[in-house]
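The next block holds one structure in the form of structure tokens; read it before the comments.
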Amino acid sequence: MSKSTPDSVDADVRRIRLAADAFDPDIAERVDGLTATLDEYAAILAANQDARQNIGNATSPSIWPVLRSLWEAAADAHADTNPDDAPRLIQLSVSLARFTRNLVAATPANQESA
């Protein structure tokens with residue numbers, strides 16, 4: 001995450017949104033790319049209270065619709081999965097859960113938004 005300015009926070013949320021928009025459960029590279037992006041930001045969020053607040057408060061775009069659509073897409077992907085894709089999709093779900101947990105950790109406003 002870049003230095004916390006409104007523009008940099010918005011850029012971080014846009015980066016997450018772009019990875020989410022590119023997600024295709026049938027393309028391994030897209031699953032891996034989204035997983036890597038979520039893991040990167042989960043680590044930042046775990047270590048930085050300001051990052052949790054800033055990303056949670058971002059409005060242009062907001063992280064919350066992105067997060068909801070990711071959970072829906074992950075659930076749909078698991079429902080339609082090929083057994084060979086299951087380990088990759090399980091890892092994506094773990095990364096998504098970690099990102100979500102770290103985003104809301106010790107941040108009441110984010111807990112309410114989630």
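The values are calculated or read from the model by the stated rules, or taken from the named source; none is laboratory data. Bear in mind that the values here come from a model prediction, so they are computed numbers and not experimental data. Positions of Cβ are backbone-derived with ideal geometry, glycine not excepted, and every protein chain shown enters the neighbour counts.
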Test: T5 is among the β-branched types (V, I, T), touching a residue at least 24 places away in the same chain (Cβ under 8 Å) and out of contact with any Pro (no Cβ under 6 Å at 6 or more places or on another chain): no
Contacts under 6 angstrom Cβ, first residue in segment 47-59 being on the phi < 0 side of the Ramachandran plot and among the aliphatic types (A, V, I, L, M), partner modelled with pLDDT under 95 and part of a loop (DSSP other than H, G, I, E, B), 6 or more apart: A51/M1
Among the candidates A105, A73, A36, A42, residue that is within 25 Å of T5 (Cβ to Cβ), small (G, A, S) and surrounded by 15 or more Cβ atoms within 10 Å (Cβ to Cβ): A42
Condition broken by I16, with the remaining ones in (1) in a helix (DSSP H, G or I); (2) in contact (Cβ under 8 Å) with a residue 12 or more places away in the chain; (3) over 15 Å from L96 (Cβ atoms); (4) within 14 Å of the chain's Cα centre (by Cα) satisfied: (3)
Residues being of a type in the set (D, E, K, R) and modelled with pLDDT of 95 or more - total across segment 51-85: 3
